[in-house]
Amino acid sequence: MQRKTQSDTPAQPPDALVPPPDADHDHDRCRDALLEEAERRCAERRQRLTPQRRRVLAVIADGHTAIGAYEIMDRLAEDGSRPAPISVYRALDFLMALGLVHRLASLNAFVACAGPERAHGAQFLICRGCGVVGELNDAEVDRAIGTAAAAAGFAVTAPLVEVNGLCRSCRDSNVPA
Ligand SMILES: [Zn+2]
Ligand SMILES: [Zn+2]
Ligand SMILES: [Zn+2]
């Protein structure tokens, strides 16, 4: 959950993040920051980060790749009994409503939010080499979608964009495009 500071160029508004993270970054910090943020948002909204919600979030926050609901259940089953699918889906709904998790429709999978707390459209950069997902929050893109949609008489509720490609490290290691 690292935020960029004010030094961005105009093409990169303050809230746009530059993903995906390097393979050798300190991921413990990402995960801890997300779990702390979850506690904070729950406290603010007087909601409870139940053990189940926390476990689901911890599994998603374990990496920067998207993870499917059944894979989440498999991971949870590793240290205990297998959770009922409904309880996992409810936890996912809760975490999405809290803005901590996004669902990637093209992968039918979930990824931790790397963006700001305020409601945001997002552009997901999905690496088809290693599966790492980056998240951009470019207000220009949201505006462009809103304007074009409005011209078509369409009211946008979620300007989410999923972009496929190759991340820097996959390009560096010559994963075929
Ligand atoms: Zn990380
Ligand atoms: Zn986000
Ligand atoms: Zn990659």
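Values in this text are rule-based calculations from the coordinates and carry no lab data. Predicted model, so just to flag it, every value in this text is computed and none were measured.
Structure notes:
- Its Kirkwood hydrodynamic radius, worked out from the mean inverse distance over all distinct Cα pairs, puts segment 23-161 at 16.1 Å.
- Our helix-only sum for the chain, with -39,500 (n - 2.57) per DSSP H run of n ≥ 4 divided by its residues, gives a mean residue ellipticity at 222 nm of -12000 deg cm²/dmol.
- Mean separation of Cα contacts under 8 Å, 6 or more apart, over the residue count of segment 27-172: relative contact order %: 20
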